[in-house]
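Read-outs throughout are calculated quantities, based only on the coordinates presented, and are distinct from any laboratory measurement. Computed from a predicted structure; not experimentally measured. Here Cβ is always computed from backbone atoms with ideal geometry, including for glycine, and neighbour counts include all displayed protein chains.
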Amino acid sequence: MAVFSPLSSRRSTNRKPQPTQQLIVFSLYTEGFALPIRAVQKVIPRGKIYGAPQGGAVGLTLYQDQELLVIDVDHRIFKRTELPNLSLSYSQGEAAESARTASVKWEDDTEQRYLLIVQNRAGKIVGLPIDSPPSLQRVPESAFKPLTADYMAQGNLRCVSALVRQNPEDSPLFLLNPEQLIQSQQTLLPGGN
């Protein structure tokens, strides 16, 4: 039988709740990424995505009967000197069709994939293709750490604003900046405005 102790009750009421943030967490290749929940408008099943031939950095899909820009994560987030075009796949028939029609379908197989509908503060939205369902996590603000200046200058990721690490034994999450994620590709390149 538990005994009520006024002292333990006072201790628990004196604890201040630690401020937290809700994040949408997902994986891209082997890295963990997160977006603030306010930046993710919706998660939908990924339909057909059409892109530019020769591995363009953006594609289009239909969302609520309107065209939605879909960004290729290889081009936008991962710095690569040689872009391997991992998000696009061509079959011989599609390659011949794309040569005729100047459009290519992004990978669309039987495996369920998802599209994060990401919105910046100005209300502009883009789609971010992911391969597995994202999760919702509540993270204490003390888990957010700024990236070092060296990593910002020389690292292999763009559009990242912080590291999120709740436990020392866990791999960190890279917090994506929705404003940088949605801005045009030219401004992300060295020498861009």
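With r defined as the distance between the Cβ atoms of R165 and Q66 and R0 fixed at 30 Å, what FRET efficiency is calculated, to the nearest 0.05? Kindly include the intermediate steps, with their values, before the conclusion.
On the way: r = 38 Å, r/R0 = 1.27.
Plugging the Cβ-Cβ distance into 1/(1 + (r/R0)^6) gives 0.20.
Which peptide among 138-149, 113-124 comes first, and what is the full order, when sorted by highest mean count of other Cβ atoms within 10 Å?
113-124, 138-149
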Sequence-distant residues sharing a close amide H with I130 (under 5 Å, placed H): Y114, L115, L116
